[in-house]
Amino acid sequence: MIIEVSDTGIGISKSLQSKIFEPFVSAGKTNTGSGLGLAIVKKFVDLLHGNISLKSIEGKGSTFKIELPCVEHEFLPTAKKVTKKSVDVLYIEYDPDSRKLIKNLLKEFTVEEASTGREGFEKALALKPKIIITDLGLPDIDGRKLIINLKTREELKNTNFLLYTGGKAGHNLLGIPVIEKGSNLQKFLLSIRILMGQNRLILTSNLVDSKEVTKVKNIMKEIDVENVQIRNLNEIDEPELQLYDFIILVLPNDKGIISKVITKMKALPGNRVVLIFLESHAKTGT
């Protein structure tokens with residue numbers, strides 16, 4: 001891909017052309033700019049493994065040419081060895097401050113970091129983490145493509161994925177939950193705990209007697225279904241709901257409520273087990 005930007009201005013002197021991409025160098029005679037613009041552009045071009053060049057004639061104008069490689073990244077295992085150890089979470093993120101923040105937040109888990117898609121791919125195959133968290137904006141590959149590559153690997157068939165990104169991606173992408181950067185960190189921590197195994201949910205209504213809910217939870221224990229969370233229909237939103245892969249619905253015997261909840265379940269992305277228990281006698285009230 002080639003991008004060219006030209007103007008018919010005063011041009012850039014030959015003495016400045018060789019250092020125009022250095023920080024704090026400005027070609028303008030008024031020196032109103034910071035001199036950082038072209039330096040930042042070059043940094044981004046370098047990250048994309050591209051090239052930026054300048055042609056300029058004083059009095060006639062300048063042309064900046066950006067050349068970017070159009071390459072579909074297909075990550076394959078290399079000979080590079082990664083020390084194998086047991087980890088709960090692999091966090092793939094270019095920004096070191098974000099990596100530090102999330103690692104401190106998840107201190108109850110073992111967390112491994114990666115700053116690029118390539119490094120993340122290698123560590124994922126070697127460590128087989130329980131959860132892989134990645135951003136969309138990585139320096140060497142789009143986060144979507146990285147996830148597609150990882151999800152097709154047999155080694156990671158039991159791994160959960162989570163997108164943690166600053167981009168607008170909705171509540172899910174490729175059937176994977178999405179949390180936007182800047183969201184409540186405690187909610188982010190709850191999401192990780194759910195994905196780590198506390199992902200069985202009893203979803204009920206205010207119209208159901210609490211004794212019925214307790215009875216269902218005890219039944220689940222008898223068939224070795226542990227770590228079951230109990231939540232009310234009115235207290236849980238779709239982004240959190242889609243994190244659970246085993247949902248037990250304890251509902252009043254009301255066709256309207258049942259139909260509404262079933263429609264909500266069908267709209268969730270991905271696959272999950274849904275069991276339905278109907279209370280024979282609902283309470284009165286709301």
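The residues on offer are Ile179, Ile192, and the sole one that is in contact with a helix residue (DSSP H, G or I) (Cβ under 6 Å, 6 or more places away or on another chain) and either in the same structural domain as Lys145 (by TED's automatic domain parsing) or at pLDDT 85 or above (or both) is Ile179. The residue of region 149-176 that is surrounded by the fewest Cβ atoms within 10 Å (Cβ to Cβ), among those that are at pLDDT 85 or above and of a type in the set (A, V, I, L, M, F, W, C), is Leu156. Residue pairs whose Cβ atoms lie under 6 Å apart, sitting 6 or more positions apart in sequence or on different chains, and linking a residue in region 113-131 that is under 15 Å from Lys157 (Cα atoms) to a partner that is part of a helix (DSSP H, G or I) and modelled with pLDDT under 95, are Ala124/Leu150; Leu125/Glu155; Lys128/Glu155; Ile131/Leu195. Determine which single condition Val213 fails, assuming it passes every other condition in (1) touching a helix residue (DSSP H, G or I) at 6+ places or on another chain (Cβ under 9 Å); (2) among the hydrophobic types (A, V, I, L, M, F, W, C); (3) in a helix (DSSP H, G or I). Answer for Val213: the failing condition is (1). Has region 186-195 got any residue that is of a type in the set (D, E, K, R), surrounded by 15 or more Cβ atoms within 10 Å (Cβ to Cβ) and part of a strand (DSSP E or B)? The answer is no; no qualifying residue exists.
Would you say Ile219 is out of contact with any Lys or Arg (no Cβ under 9 Å at 6 or more places or on another chain) and under 22 Å from Ile176 (Cα atoms)? So Ile219 fails the test. Inside region 240-269, residues that are assigned to a loop (DSSP other than H, G, I, E, B), in contact with a Pro (Cβ under 9 Å, 6 or more places away or on another chain) and surrounded by fewer than 18 Cβ atoms within 10 Å (Cβ to Cβ) make up a count of 1.
Residues in region 97-148 that are of a type in the set (Gly, Ala, Ser), surrounded by 21 or more Cβ atoms within 10 Å (Cβ to Cβ) and either at pLDDT 90 or above or assigned to a loop (DSSP other than H, G, I, E, B) (or both): Ala114, Gly117, Gly120, Ala124.
The values are calculated or read from the model by the stated rules, or taken from the named source; none is laboratory data. This one's a predicted model, so the numbers in the text were calculated from it and none came from an experiment. A quick note on method: Cβ atoms are made from the backbone with ideal geometry, for glycine too, and the neighbour counts reach across all protein chains shown.
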